[in-house]
């Protein structure tokens, strides 16, 4: 029997162990996360382990609710230590859940704690972690340094002034903290706050937005500003109908209805979003910006808790809709004029994994020598576990080239989440190692070591033009 999460954790053969040594200490490029750049600039120190672990982490909140924990000790006004004890009780019951592995990797890699977290060890672990977190050695910047983070890309609204990114750059912080362009609010024409946001965006962009042409001008203006501050990637969340072919005249009429808060049909929403996304995609291609498409969330499903707590509090789920035809049409609309940008496709519902892998390989043709121009993205959100990572690796290998993958990301709001890269690296090396030891690929370790280093680093440097 193997020891609990020891040095060979998830590495089941000698080839896997050999390959993992090549990437175990490799720098981390985290090209999609939701970290707060202000906290990085201010080099925040946390008061206790509950603050950094449980504050804002809807993954943990969901698990605690499933464990019957009162909301007082999840998002409520419960004492931080009591919240941590409630989390420790939940952890002990998380067998098979990725949160168990994430929790203990974080305890090991940041705090050197190898004992399992449970109600009996909670007090000791609380005291040790909280004492360390209050020191400057465990400030936000030093937490990033501990995991050898070299680049991280936050998620930012086009109207943001990026003041913290600029201050970090001017401060000479050695880790690149780059903004990502996420124009979700500018495309949320069905939202009640749409008109207010468009007015704000126009003010920041220095123009009055009256039609879709001026909307796109404002967004391109802001994209240029983002690029001046290091932006290399955009991000879009696609939910429901997101592409219906439409003319500019049609979209202008829909846009005016949206500004007037008139009721829109699902088809009208799809026309507006599809048109704007296509035009933005073409601009991304011109500016060498990577486009990320995160597809398949259904959000804020508990109306009761949405009213109480707002968005991003653990009440989102996987949608279940078939979108291959509209995704193909969207990609083709950009590809038709050879203006399809480098694109990463992520699915929230695992049933779409193989479909996206094949769809991506359909649109990879280019004369610039870009490897994996369109590719299946890392296992995302509810797929971000051992099974999901293995399925993503297998699907990308089955339908294309895993050798072109840009690897893992955290998609996290936590400064302790970076060991997820290690988890991915272990799973990747084990998958390749088992193929080799099963006689499915030659034991060419020289090439394979180079391969895993590319997937875990250098591919991302090249793909995102870092």
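Every number in this text was worked out from the coordinates using simple rules, so none of it is lab data. What you see is a predicted model; the values in this text were computed from it and never measured. FYI the Cβ positions are ideal-geometry reconstructions off the backbone, even for glycines, and counts take in every protein chain you see.
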Placing each pseudo-label 7 Å from Cα in the direction of the beta carbon, residue 397 and residue 312 end up separated by a distance in nanometres of 3.5
Rounded to the nearest 500, the 222 nm mean residue ellipticity computed for the chain from DSSP H runs (n ≥ 4, each -39500 (n - 2.57)) alone is -15000 deg cm²/dmol
One finds, for residue 146 and residue 329 with R0 = 51 angstrom and r their Cβ-Cβ distance, a FRET efficiency to the nearest 0.05 of 0.65
From the Cα centre of segment 234-258 to that of segment 383-460, the distance in Å is 36
Restricted to the chain, the DSSP antiparallel beta bridge percent, nearest 5, is 10
Measuring from the longest principal axis of the C-alpha atoms of the chain, the long axis of helix 194-205 (C-alpha) lies at a number of degrees, nearest 10, equal to 90
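So how much slack lies between residue 303 and residue 204, counting 0.36 nm per residue of separation and subtracting their Cα-Cα distance, in nm?
Numbers: separation 99, 0.36 × 99 = 35.64 nm, distance 3.28 nm.
So the chain would gain 32.4 nm between residue 303 and residue 204.
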Rounded to a whole number, the Stokes-Einstein D of segment 275-400 in µm²/s (Kirkwood radius over Cα pairs; 37 °C; 0.692 mPa s) is 210
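Relative contact order of the chain, please, whole-number percent, based on alpha carbon pairs below 8 angstrom and at least 6 residues apart.
Values: 737 pairs, mean separation 97.2, N = 466.
Relative CO of the chain lands at 21 percent.
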Ordering 160-167, 93-100 by per-residue average of other C-beta atoms within 10 angstrom, highest first, gives 160-167, 93-100
Here, residue 169 and residue 12, labelled 7 Å along Cα→Cβ, have an inter-label distance in nm of 4.7
Quick shape check on segment 205-259: root eigenvalues a ≥ b ≥ c of the Cα gyration tensor, a/c under 1.5 is rounded, otherwise prolate if a/b tops b/c, else oblate, and it reads oblate
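What FRET efficiency, computed as 1/(1 + (r/R0)^6) with R0 = 30 Å and r the Cβ-Cβ distance, is obtained for residue 288 and residue 248, rounded to the nearest 0.05? Walk me through the intermediate numbers first.
Working: r = 25 Å, r/R0 = 0.85.
Efficiency for this residue pair is about 0.75.
Can you bin segment 227-316 into rounded, prolate or oblate? Criterion: square roots of the alpha carbon gyration tensor eigenvalues sorted a ≥ b ≥ c, rounded for a/c under 1.5, prolate for a/b above b/c, oblate for the rest. Numbers along the way, then the final one.
Working: a/c = 2.18, a/b = 1.18, b/c = 1.85.
Oblate is the answer for segment 227-316, as a/c is 1.5 or above yet b/c matches or exceeds a/b.
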Taking alpha-carbon centroids only, segment 326-378 lies from segment 41-98 a number of Å equal to 37
Relative to the chain, whose Cα atoms define the longest principal axis, helix 122-133 and its Cα axis are tilted in degrees, nearest 10, by 60
Diffusion coefficient in µm²/s returned for the chain by Stokes-Einstein, Kirkwood Rh over C-alpha pairs, 25 °C and 0.890 mPa s, is 105
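Within 10 Å, count the other beta carbons around each residue, average over each peptide in 276-289, 35-48, and list them highest first. Walk me through the intermediate numbers first.
Details: 276-289: 19.7, 35-48: 17.6.
Listed from highest to lowest mean packing, they are 276-289, 35-48.
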Full extension between residue 440 and residue 338 adds, at 0.36 nm per residue less the Cα distance, a length in nm of 33.0 nm
In degrees rounded to 10, the 0-90 angle between helix 14-23 Cα long axis and the longest Cα principal axis of the chain is 60
Residues 181, 242 in order from fewest to most other beta-carbon atoms within 10 Å are 242, 181
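Quick check on segment 1-142: take the gyration tensor over C-alpha atoms, sort the square-rooted eigenvalues as a ≥ b ≥ c, and tell me if it's rounded (a/c under 1.5), prolate or oblate. Kindly include the intermediate steps, with their values, before the conclusion.
Numbers: a/c = 1.77, a/b = 1.25, b/c = 1.42.
Oblate shape, in that a/c is at least 1.5 and b/c is the bigger or equal ratio.
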Bridge orientation stat for segment 182-332 from DSSP, antiparallel percent rounded to 5, came to 25
Taking a crude spin-label model, label points 7 Å out from Cα along the C-beta direction, the residue 263 to residue 71 distance in nm is 3.0
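Kindly state, to the nearest 0.05, the FRET efficiency for residue 193 paired with residue 3, given R0 = 60 Å and r defined as their beta-carbon distance. Don't jump to the answer; show the numbers that get you there.
Details: r = 53 Å, r/R0 = 0.88.
The calculated FRET efficiency here is 0.70.
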Length gained, residue 135-residue 213, 0.36 nm per residue minus C-alpha separation, equals 22.9 nm
